[in-house]
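The block underneath contains the structure these notes are about, expressed in structure tokens.
No value in this document is a laboratory result; all are computed from the given coordinates. What you see is a predicted model, and the numbers here were worked out from it, not measured in a lab. Quick reminder, even Gly has a Cβ in these numbers, built from the backbone with ideal geometry, and neighbours come from all protein chains shown.
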Amino acid sequence: MFELPEYTVMARQINKTLVGKKIKKGNLGNSPHKFVWYNRKPEEFTKLTHGKIVGRARVQGRWLIIPLEPGYNLVLGECGGRVLFHPAESDLPEKYHLWLEFEDGSSFTVTTQMWGAMELFEAGKEQERQYIKDMRTTPVERGFTYKYFSGLIDELLEGPKRSTKSLLTQDQLIPGLGNASAQDILFQARLLPRRALSELSPGQRRDLYDAIVHTVHEIIEQGGRNDETDLFGKPGGYVRLMDSVAAGKPCPECRTKIQKIQYLGGACYFCPKCQV
Ligand SMILES: [Zn+2]
């Protein structure tokens, strides 16, 4: 699944490669898939996107917003899979869930593996969509300061008990993060996934904030995770410290065996010695 860093890399690549291209024909999928969320019928999508020009993409959490000007925004959200640019005369994937064919012969396709939204809104209306509306501050925004973060934890301490992993992966409390980046953030912060937020010392709270900001920027700088591909089908350069490959192997810091548990809807990988 793409997370905020991968979408950010993709938006930068779209802004270098696709901006200004004119759509010859916009198509929804050729392969039925019940977990792709569309908000337009295929004919309607083709009609509304005809002749539109690609504008500058931007990211909100795990949502990529691509203006199709004038008047519309294409929204890709919560996706995993492939989001690809195809130069003129290159082969397209056999299966796709969205295909924009440009007048210069190049193309853009999206093929999801699990699920994902591929929706076309009148520009601005996407802000009313569930999960985008009222989104909290994401870790790449200026407003994501330590003061903001600490205030968020104080707010959560008023509610039901939550762990560090819950903070990072549930209810879009910190939009854009997911199970993949959460593992490395917790390792960098030296905190266990089950550690209760109420048990964090002021120093640990600060370490967690620093680890979020550092990890997100590091993944972006390295062009995304190496288990996802970018707009050109190339894997990112960021190798995760704590993942299924690392499980059972020695911790990079202390050589203790890295453990795996199932917790909150996904696998967690951690060092039982470094992380407390
Ligand atoms: Zn360790």
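Which percent of the Cα-Cα distances in segment 103-222 go past 22 Å?
Working: 3103 of 7140 pairs.
Every Cα pair in segment 103-222 considered, those over 22 Å come to 43 percent.
Can you give the Kirkwood hydrodynamic radius of segment 1-81 from its Cα pairs, in Å with one decimal?
About 13.4 Å, per the Kirkwood formula over Cα pairs.
When the Cα centres of segment 231-276 and segment 87-101 are compared, how far apart do they sit, in Å?
The distance from the Cα centre of segment 231-276 to that of segment 87-101 comes to 34 Å.
Pick out, in residue order, every one of the GluC sites (Glu not before Pro) in segment 118-195 that is DSSP loop and has at most 12 other C-beta atoms within 10 Å; say none if there are none. Show your work: numbers first, answer last.
Values: sites: GLU119, GLU122, GLU126, GLU128, GLU141, GLU155, GLU158; in loops: GLU141, GLU158.
Those that pass, being in a loop and sparsely packed, are GLU158.
For the residue pair GLN130 and ARG194, what label-to-label distance in nm results when each label sits 7 Å from Cα along the Cα-to-beta-carbon direction?
Spacing of the two 7 Å Cα→Cβ label points: 3.2 nm.
Helix-only estimate, please: 222 nm mean residue ellipticity of the chain, summing -39500 (n - 2.57) across DSSP H runs of length 4 or more and dividing by its residues, to the nearest 500.
That comes out to -8000 deg cm²/dmol.
Using the 10 angstrom Cβ neighbour count as an exposure proxy, how do SER150, SER90 rank, fewest first?
Exposure proxy ranking, most exposed first: SER90, SER150.
Compute, for segment 77-147, the length of the dipole vector about the Cα centre, with Cβ point charges of +1 (Lys, Arg) and -1 (Asp, Glu) only. Units Debye, rounded to 20.
620
Quick one: net charge around CYS268, please, counting Lys, Arg +1 and Asp, Glu -1 for every other residue with C-beta under 14 Å from its C-beta.
Numbers: positive: LYS165, ARG194, ARG195, ARG240, LYS260; negative: ASP184, ASP243.
Around CYS268, the surrounding residues sum to +3.
Could you compute how fast the chain diffuses translationally, taking Rh as the Kirkwood radius over C-alpha pairs and applying Stokes-Einstein at 4 °C with viscosity 1.567 mPa s? Give it in µm² per second. Let's see the in-between values first.
Working: Rh = 19.8 Å.
In µm²/s, the coefficient rounds to 65.
Binning at 5 angstrom from zero up to the longest distance, how are the C-alpha pair distances of segment 35-160 distributed in percent?
Going out from 0 Å in 5 Å bins, segment 35-160 shows 2, 9, 17, 19, 19, 12, 9, 6, 4, 3, 1, 0 percent.
Tell me the label-point distance for the pair GLU94, GLU44, using the 7 Å Cα-to-Cβ offset, in nm and rounded to one decimal.
Placing both labels 7 Å beyond Cα along the Cβ direction yields 3.2 nm.
Using Cβ contacts closer than 10 Å as the measure, can you line up MET114, MET242, MET1, MET135 from fewest to most?
Least crowded to most crowded, the residues run MET114, MET135, MET1, MET242.
Which one of TYR72, GLY105, GLY29 is farthest out on the positive end of the charge dipole of the chain, using unit charges on Cβ (Lys, Arg +1; Asp, Glu -1) and the Cα centre as origin?
Of the options given, the answer is GLY29.
Given +1 on the Cβ of Lys and Arg, -1 on the Cβ of Asp and Glu, and no further charges, what dipole in debye does segment 89-129 carry about its Cα centre, rounded to the nearest 20?
With Lys and Arg at +1 and Asp and Glu at -1, about 300 debye.
From the residues LEU231, SER150, ALA196, which one has its Cα farthest along the dipole of segment 127-255 in the positive direction, the dipole being from +1 and -1 charges on Cβ of Lys/Arg and Asp/Glu about the Cα centre?
Of the candidates, ALA196 comes out farthest on the positive side.
What is the gain in length, in nm to one decimal, between GLU141 and LYS16 on full extension, counting 0.36 nm per residue of separation less the C-alpha to C-alpha distance? Mind showing how you got there, number by number?
On the way: separation 125, 0.36 × 125 = 45.00 nm, distance 2.13 nm.
The GLU141-LYS16 span can extend by a further 42.9 nm.
Based on Cα coordinates alone, diagonalise the gyration tensor for segment 177-276, multiply each eigenvalue by 5, take square roots, and list the semi-axes in whole Å, largest first.
On the way: eigenvalues 105, 54, 30 Å².
Gyration-tensor ellipsoid for segment 177-276: 23, 16, 12 Å.
How large is the charge dipole for the chain, taken about the Cα centre, if only the Cβ atoms of Lys, Arg (+1) and Asp, Glu (-1) carry charge, to the nearest 20 debye?
Roughly 500 debye, rounded to the nearest 20.
If each residue's Cβ is checked for other Cβ atoms within 10 Å, how do LYS165, LYS257 rank with the fewest at the top?
LYS257, LYS165
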